[in-house]
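Take a look at the structure set out below.
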Amino acid sequence: MVTVEQLQDDSFLSQCPPPLSLQGIRIPLYRFGSNSVLDKGSVGGISCLIEEEQSVLDSILLAQWEDRMWKGLFRYDVTTSEIKVIGGRRKFIAQFNEGWSRDCMPKLGKNKIPHQKDVFEFSWMERQEELLFCVASGEKLNPELVLSAAVPDCGLLITINSSPVEYGHVFLVPHSSYILHQFLDARSLELVLHVAVEVNNSSFRQFYDYSPSASHIYFQACYLQIPLPVEFMPLDTFFGDGQEGMRISSVTDYPIKTLVFESNHLNMMMEVLAEICSCLQEKLIPYNLLISDRGKRIFLFFQLQTSKNFCTLSAWECGGYFVVKSRSEFDQATEQALLKQLTTVSLDDEGFQGVKRLCCTIAGKFTS
């Protein structure tokens with residue numbers, strides 16, 4: 001077994017071969033600066049970026065994604081899909097897209113090499129061009145972009161989703177030769193939150209769907225034309241750590257049980273959420289995450305346990321965004337039908353109260 005001390009030893013890491021599927025590949029690499037807003041605690045420093053000014057990471061992501069669009073790597077042009085807001089109080093969103101498929105989720109297969117049991121091949125990618133770039137921690141004070149670099153260990157691979165739900169739809173896949181990223185961990189969540197902060201785009205959303213049978217975790221991200229309906233719902237705050245600290249609230253008047261974590265101190269919020277998600281995984285409670293507002297707001301959706309403990313709905317569906325493949329279903333979509341769809345999969349009241357107590361207990365440990 002590889003020990004923590006070995007993972008921190010550069011000489012040991014240099015002796016370990018990288019995954020064969022990524023060996024020899026050179027891609028753009030964005031390294032975060034060591035002067036991290038996550039490490040310092042507050043994202044206030046990110047406001048030095050003018051709101052209208054596009055960040056470097058945002059421009060890289062969109063430029064790479066659009067390059068693949070012009071090269072024809074997507075199954076359809078998602079920018080031409082018809083979208084409408086469904087009448088009713090909650091303003092659910094529906095998209096008509098005949099070409100969309102749920103089957104384009106990452107499927108990662110294990111390498112058949114004895115000393116690399118936990119190394120995964122990115123077998124869902126048909127072409128290397130689907131891999132856009134990688135983000136990773138850096139040692140320099142400021143972020144840097146390396147135009148051509150080997151894939152680093154302990155990074156976040158950014159790849160296209162060939163069946164995009166929205167503009168800029170990508171997968172964010174934690175990559176490490178030495179750690180089995182089967183469940184959500186603090187390190188993966190930290191990288192994803194760091195991406196949200198440095199993209200610095202109010203349209204950017206990130207999603208995570210928990211699956212106990214997944215061989216490897218992954219996040220998704222895209223740019224939404226309008227905020228998701230859940231983001232407009234009223235909140236009932238039941239945990240607060242002072243005026244500038246972290247708040248945990250329940251979303252009221254919404255059909256699926258939902259909590260919202262809000263803070264300008266992302267590092268603490270990340271640690272709290274990672275421990276909460278770990279407890280949910282141990283209890284086999286299906287959940288989804290939605291990260292918005294440049295990482296400062298995280299929505300946690302709770303679904304009922306099923307025979308396989310899968311999330312029945314995706315995170316964007318929990319947030320009120322539905323993709324339909326049938327013209328008649330699109331034209332006839334009603335708020336009442338979507339309310340029923342969300343209510344049916346939601347955790348019950350008793351389970352929700354238990355989850356809220358769990359969140360208060362864990363958050364209290366970090367804020368006391």
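Rule-based calculations on the coordinates, nothing more; no lab input. Owing to the predicted nature of the structure, the values given are computational and were not obtained by experimental measurement. As a convention, Cβ positions derive from the backbone with ideal geometry for all residues, glycine included, and neighbour counts pool all protein chains shown.
Structure notes:
- Residues A186 and L145, FRET efficiency given R0 of 22 Å [Cβ-Cβ distance, rounded to 0.05]: 0.25
- Computed log₁₀ I(q)/I(0) - Debye formula, equal Cα scatterers, no solvent, the range 220-347, q 0.12, 0.18, 0.19 Å⁻¹: -0.49, -1.06, -1.17
- Ellipsoid semi-axes for the range 166-299, based on the Cα gyration tensor and the rule √(5λ), read 22, 18, 15 Å when sorted largest first.
- When each of K84/K283; K257/K296; K84/K257; K71/K91; K71/K325 is checked by Cα-Cα distance, pairs over 32 Å: K84/K283; K71/K91
- Once the mean of 1/r is taken over each pair of separate Cα atoms and inverted, the range 136-226 shows a Kirkwood hydrodynamic radius of 14.3 Å.
- Among 80-89, 148-157, 199-208, the peptide with the highest mean count of other Cβ atoms within 10 Å heads the list, and the full ranking is 199-208, 148-157, 80-89.
- Modelled FRET efficiency - R0 45 Å, E329 with L73, Cβ distances, 0.05 increments: 0.95
- Contour excess over end-to-end distance, with Cα ends at T80 and S34 and 0.36 nm allotted per residue: 12.5 nm
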